[in-house]
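The values are calculated or read from the model by the stated rules, or taken from the named source; none is laboratory data. Computed from a predicted model, the values in this text were never measured in an experiment. Cβ placement follows ideal geometry from the backbone for every residue including glycine, while neighbour counts extend to all protein chains displayed.
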Amino acid sequence: MEKIGLKSPVSKEVYLVKEALKVAKEIGYPVIVRPAYTLGGTGGGAAFNQKELEETAYRGIKSSRIGQVLIEQSLIGWKEYELEVMRDLKDNVVVICSIENFDPMGIHTGDSITVAPAQTLTDREYQTMRDASIKIIREIGVETGGSNIQFAIHPKTGEMLVIEMNPRVSRSSALASKATGFPIAKIATKLAVGLTLDEIPNDITKKTPASFEPTIDYVVVKIPRWAFEKFPKADKLLTTQMKSVGEAMAIGRNFEEAFQKAIRSLEIGRFGLETSQKEEGCSLKEIRQVLKTPHFKRIFFIKTAFKKGMSVKEIADLTKIDPWFLEKMKNIVEMEKKIKKYSLKTFPKNLFFEAKTMGFSDKQLSNLLKEDELRVRKERKAKRINPVYKLVDTCGAEFEAQTPYFYSTYEREDEVKVGSKKKIMIIGSGPNRIGQGIEFDYCCVHAALSAKEEGYEAIMVNSNPETVSTDYEIVDKLYFEPLTFEDILNIAEKEKPKGVIIQFGGQTPINLCRDLEKNGVRILGIPTWAIDIAEDRDKFYKFAERFKILMPEHGIAHNQKQALKIAKKIGYPIIIRPSYVLGGAKMEIIYQEKDLMEKLGEAFGLWDGKPVLIDKFLDNAKETEIDAIFDGKTLLVGGVMEHIEEAGVHSGDAACVTPPYSLKNKEVAKMLEYAEKIAKQLKIIGAFNIQFAVRNGDVYILEVNPRASRTLPYLSKATGFPLAKIATKVILGRKLKEMGFKQGILKVPKFAVKEVVLPFDKLEGDIILGPEMKSTGEVMGIDEKFENAFYKAELAAGNKLPLKGNVFISIREDIDPRELANLFHSNRFKLFATRGTAGRIRAAKIPVKIVPKVSEPEKPNILDYISEKKIDLIINLASGKGTKTDGYRIRRAAIDYKIPYITTIPPALAAVKAISSQLKNSNLKVHPLRKSNYNKNMTK
Amino acid sequence: MLIGSGPIIIGQACEFDYSGSQACKALREEGFKTILVNSNPATIQTDPEMADRIYIEPLTAEILEKIIAKEKPDALLSTMGGQTGLNLAVELTEKEFSKNIRLS
């Protein structure tokens, strides 16, 4: 950077904590620690003093592939910008998009609200930045392709520093592609094989070449979505370590509109810049504190600050957010004040319109006017205030655009043309979150492709810029819009589709479908009354009873006394959860009355007085699930998946295998019998998922998901059949038989093991698996042998199982460690165990070395062993909760030192068997996936 | 040959399915045979229609070496699989066996 006359923060690479401290002394605190070769800033952070630096540098060095960290001058409070730049072999360089971070430096850009194009730069500043990025891409030597370059600008002096450059496509380039309509990855690929920017036509205009820089006549806002509700112990402050799990993007004609649309796109129960009672109840002192430390809910506290009379200047001083953004937020607050003076009846048309242009949703207005949302909608339409749709055309309407990519706004001219072809609308899955991620994007893409194959115009609605489903080349028409009742109904009323497919976007479209149907939208596939039965456990209990479907014993309690009585009747352990909460949220396994008392006090207080559902927890049961497609006659089962973990671990966090490796034919037959019964009685058309528990030969139903589940893509890859596509065809009226499928289970050519990936290296807290889902992603291992497929899946998940060395075992008293110990011993592992576990292992005459617990006085204890890398595999079963227990500290150490760890028995047994198989033959084979063939004999 | 970004983790999500899928399509348009490797089955890029050869295998240098030995790609497009893809490409090109492969 120096060579081309650009400045970057003073920094130095170090390999040791000692060196880090020396550098920090030279630069002065605070300093930023950036580990080399990591993503999302893993292990990095700011350090304000020597003690903090010791910790952060240590963690950073550990997480870097080459054990190196950068100690850097802190730019906390500077403004942050990104430019997406492309260069070709002829040395043409174009800037695709400028992105401004709403949040100042010090917050990872993945955790920042970002805005495109940049809003608060002077033209001179922007041109300087542009020139700099062109120089940088040339100097670094990115011969062809795209790069992301990040800058910091001092808010007062305007001094510009170059922060970072990524010579690859990135999260930001995906955002820039969706924000501008310029497909960076596609163009970068073409540049890589030798084409030049002037030779590649722009997809959207067809007339201009890719060397034309995009122009945009709207504002784009991206807001991250966090999952702290799943990780209560994680630090909720935003730092240079990224913590969000997803993001939503929205497009509007002004910042206020795009900002409010983006908030409602997050699907967090806020339909614009709305604050909760808790936030409003904060004192000014508390608010000042929150504004000073970047909390993930800061925008809501900023609003509260405005409402309480704080000035833009004071908020800017506290948050270091540019006053321009704060002024815009203040506009929203002022507008809200105006609206509140009226009732729906007296609400003037011009103000109504003005509110809509500022992105106020009907729901938000209904809250302010104290009216029902539908009434607001009706009144709005009566006043002829309707959204119009604008094109994303890359050229600010200078040329005619060919690609139908739209966003809504409130203006006069409508740019959408509604064709006469029959249309199918697909509702996407919105921002990624725990439990609703890429799997549903995969399914939605297939639904769209399938609808196109069936001769329909496929219309996609989604709000997540990271996805393939929002690639305008995939669908016939793309609406980049929030997934709310209002926004979707608006599009449906405009496009008048033949029907809406809601099965593939996870829970989001399922939650909306009833209201859409009530307002005249045709929902395809499963009837909404059946969705109610499947989702409302009370109704489902009755349904199961009526059709003789076996479920674990259960009851519904409206107060503590009832709960205790039910628990006593069915016997511990039990699972409790609030009624009508989906996806395992707030579920808990309770082992004794004492814990139930404690939990209930909390439950009836926290769960809004809703009844509590109590189920018998089938401990030591096997858990299985199936994904199936039903067309009214034929039941096609995509696969039976057997979980590796025992029942009680959320299905989204459990590893699983198909075909099942230990189920009996009789048990599988029972599952199919239940599936057919349920599909017939609920009149399911399309895909659904059922989860079972199997114990002592009995098959129990745990839950039914009336939609495509998370495992559908995995099964599609395991079997070679595109199940989401097939399900869509069934929804659109085709029969399975005519597609060549018979009733039964699809054949799986090899064992396919799915393993999950958990975010514990980035978020603090315990790593025990339970009924609440925590994983962010998944991998698959395929092999002819189950053991090898399991080994591959673990390897792919970053849990490389050792083939020799030392294994540490620490297991709860009620579980027998001997089988496990024996298997490791016979595979020549040296065993280490805590005193109690060791005693039980020795009883079986297996040699084991005792290692002191953390809480025991002797040294070296287990943490010393781990930090000195003397342990190669950790098997630790929880014996207690809380961060002070030995188990907790051992498990955290496993994460921090990247040592493979296992926290339940069945996966530990699978692991040792996989290791044993590797020891016999370590040559893992690789095979390409076979292609599906619709015409062969596909079911067994 | 393209290397995907593996499982969804904080900091590396489905944006790399989007980029990898686009890259596969663009390469096919230009007449190339494509080989795609990713460990994440929930991706569009691992669909049979997306590339000529799809491998759902662990993203480690050893496994990728085996695939390279089998498929003998002429070039490796390293910029579409996030930091995972880029790091692996760097690791692979440092090895002797890959000296005839062009990195892009």
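On the given criteria, is B:Glu57 touching an Asp or Glu at 6+ places or on another chain (Cβ under 6 Å), surrounded by 20 or more Cβ atoms within 10 Å (Cβ to Cβ), at negative phi and at the interface with chain A (Cβ under 7 Å from one of its Cβ atoms)? Spelling it out, it is not the case that B:Glu57 is touching an Asp or Glu at 6+ places or on another chain (Cβ under 6 Å), surrounded by 20 or more Cβ atoms within 10 Å (Cβ to Cβ), at negative phi and at the interface with chain A (Cβ under 7 Å from one of its Cβ atoms). Return a yes/no flag: does the stretch A:96-116 have any residue that is over 25 Å from A:Asp317 (Cα atoms) and surrounded by fewer than 16 Cβ atoms within 10 Å (Cβ to Cβ). No, that holds for no residue. Within the set A:Ile626, A:Ile526, the sole residue that is modelled with pLDDT of 90 or more, crowded, with 22+ Cβ neighbours inside 10 Å and in a loop (DSSP other than H, G, I, E, B) turns out to be A:Ile526. Search the stretch B:30-54 for residues being at the interface with chain A (Cβ under 7 Å from one of its Cβ atoms) and part of a strand (DSSP E or B), and hand back the single one that is surrounded by the most Cβ atoms within 10 Å (Cβ to Cβ). The qualifying residue surrounded by the most Cβ atoms within 10 Å (Cβ to Cβ) is B:Ile54.
Residue by residue, here is whether (1) out of contact with any Gly (no Cβ under 7 Å at 6 or more places or on another chain); (2) among the hydroxyl-bearing types (Ser, Thr, Tyr) holds:
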{"site": "A:Glu125", "(1), (2)": "no, no"}
{"site": "A:Thr128", "(1), (2)": "yes, yes"}
{"site": "A:Ala132", "(1), (2)": "yes, no"}
{"site": "A:Val142", "(1), (2)": "yes, no"}
{"site": "A:Ile149", "(1), (2)": "yes, no"}
{"site": "A:Ile163", "(1), (2)": "yes, no"}
{"site": "A:Leu175", "(1), (2)": "yes, no"}
{"site": "A:Ala188", "(1), (2)": "no, no"}
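Residues in the stretch A:830-850 that are surrounded by fewer than 21 Cβ atoms within 10 Å (Cβ to Cβ) and either part of a loop (DSSP other than H, G, I, E, B) or β-branched (Val, Ile, Thr) (or both): A:Ala843, A:Ala844, A:Lys845, A:Ile846, A:Pro847, A:Ile850. The residue of the stretch A:16-44 that is nearest to the other protein chains (Cβ to nearest Cβ), among those that are under 33 Å from the mean Cα position of the chain (by Cα) and modelled with pLDDT of 85 or more, is A:Pro35. So, A:Gly141, is that one free of Cβ contacts under 8 Å to residues at least 40 places away in the same chain, out of contact with any helix residue (DSSP H, G or I) (no Cβ under 6 Å at 6 or more places or on another chain) and surrounded by 24 or more Cβ atoms within 10 Å (Cβ to Cβ) or not? In short, no. Are any of the residues in the stretch A:129-137 modelled with pLDDT of 95 or more, surrounded by 24 or more Cβ atoms within 10 Å (Cβ to Cβ), within 12 Å of another protein chain (Cβ to nearest Cβ) and part of a helix (DSSP H, G or I)? No.
Selection of first residues in the stretch A:291-313 that are more than 23 Å from A:Lys236 (Cα to Cα) and of a type in the set (Asp, Glu) and of second residues that are assigned to a helix (DSSP H, G or I) and at pLDDT below 95, restricted to Cβ pairs under 8 Å at least 6 apart or on distinct chains, gives an empty result.
Conditions (1) within 12 Å of another protein chain (Cβ to nearest Cβ); (2) at pLDDT below 90, marked per residue:
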position: A:Ile895; (1), (2): no, yes
position: A:Ile899; (1), (2): no, no
position: A:Thr903; (1), (2): no, yes
position: A:Ala914; (1), (2): no, no
position: A:Leu924; (1), (2): yes, no
position: A:Asn937; (1), (2): no, yes
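Among the residues of the stretch A:399-428, write down those that are surrounded by 14 or more Cβ atoms within 10 Å (Cβ to Cβ), over 30 Å from A:Ser450 (Cα atoms) and at pLDDT below 95. Result: A:Phe399, single match.
Test A:Leu769 against the criterion of being within 30 Å of A:Gly60 (Cα to Cα), surrounded by fewer than 24 Cβ atoms within 10 Å (Cβ to Cβ) and within 11 Å of chain B (Cβ to nearest Cβ), and give yes or no. Considered against the rule, which asks whether it is within 30 Å of A:Gly60 (Cα to Cα), surrounded by fewer than 24 Cβ atoms within 10 Å (Cβ to Cβ) and within 11 Å of chain B (Cβ to nearest Cβ), A:Leu769 comes out as no.
Here the helices (runs of 4 or more DSSP H) wholly within the stretch A:169-287 that include at least 1 residues being of a type in the set (Phe, Trp, Tyr) and more than 13 Å from chain B (Cβ to nearest Cβ) are A:255-265. Checking A:Leu365, A:Leu369, A:Leu374, A:Leu351 one by one, the residue that is within 30 Å of the chain's Cα centre (by Cα), modelled with pLDDT of 95 or more and over 30 Å from B:Ile8 (Cα atoms) is A:Leu365 and no other. Would it be correct to say that A:Val31 is touching a residue at least 24 places away in the same chain (Cβ under 8 Å), under 30 Å from B:Ala13 (Cβ atoms) and surrounded by 15 or more Cβ atoms within 10 Å (Cβ to Cβ)? The answer is yes for A:Val31.
Would you confirm, using the coordinates I've provided, whether A:Ser147 is within 14 Å of chain B (Cβ to nearest Cβ), assigned to a helix (DSSP H, G or I) and surrounded by 20 or more Cβ atoms within 10 Å (Cβ to Cβ)?
In short, no.
The residues in the stretch A:504-551 that are on the phi > 0 side of the Ramachandran plot and out of contact with any strand residue (DSSP E or B) (no Cβ under 9 Å at 6 or more places or on another chain) can be counted, and the count is 2. Scanning the stretch A:249-282 for residues that are hydrophobic (A, V, I, L, M, F, W, C) and in contact with a strand residue (DSSP E or B) (Cβ under 6 Å, 6 or more places away or on another chain) gives A:Met249, A:Ala250, A:Ile251, A:Phe255, A:Ala258, A:Phe259, A:Ala262, A:Leu266. Going by the conditions given, is B:Ile68 under 12 Å from the mean Cα position of the chain (by Cα) and more than 7 Å from chain A (Cβ to nearest Cβ)? So B:Ile68 fits the description; yes. Return the total of residues in the stretch B:11-24 being more than 7 Å from every other protein chain (Cβ to nearest Cβ) and either acidic (Asp, Glu) or surrounded by fewer than 24 Cβ atoms within 10 Å (Cβ to Cβ) (or both). Of the residues in the stretch B:11-24, 0 are more than 7 Å from every other protein chain (Cβ to nearest Cβ) and either acidic (Asp, Glu) or surrounded by fewer than 24 Cβ atoms within 10 Å (Cβ to Cβ) (or both). Among the numbered criteria (1) in a loop (DSSP other than H, G, I, E, B); (2) under 33 Å from the mean Cα position of the chain (by Cα), which single criterion is violated by A:Pro155? Condition (2) is where A:Pro155 drops out.
Buried (at least 24 other Cβ atoms within 10 Å of the Cβ) and charged (D, E, K, R): does that describe A:Glu794?
In short, yes.
Close contacts from the stretch A:719-746, counting a first residue that is within 14 Å of another protein chain (Cβ to nearest Cβ) and a second that is at pLDDT below 95 and in a loop (DSSP other than H, G, I, E, B), with Cβ to Cβ under 6 Å and a gap of 6+ residues or different chains, come to A:Thr719/A:Val748; A:Gly720/A:Arg930; A:Gly720/A:Ser932; A:Phe721/A:Ser932.
Just checking, does the stretch A:371-388 include any residue being touching a strand residue (DSSP E or B) at 6+ places or on another chain (Cβ under 6 Å) and closer than 30 Å to A:Thr470 by Cα? Working first, answer last.
First pass over the stretch A:371-388, keeping only residues touching a strand residue (DSSP E or B) at 6+ places or on another chain (Cβ under 6 Å): A:387.
The next check asks that each one be closer than 30 Å to A:Thr470 by Cα; those that pass are A:387.
Among the residues of the stretch A:371-388, at least one is touching a strand residue (DSSP E or B) at 6+ places or on another chain (Cβ under 6 Å) and closer than 30 Å to A:Thr470 by Cα, which makes the answer yes.
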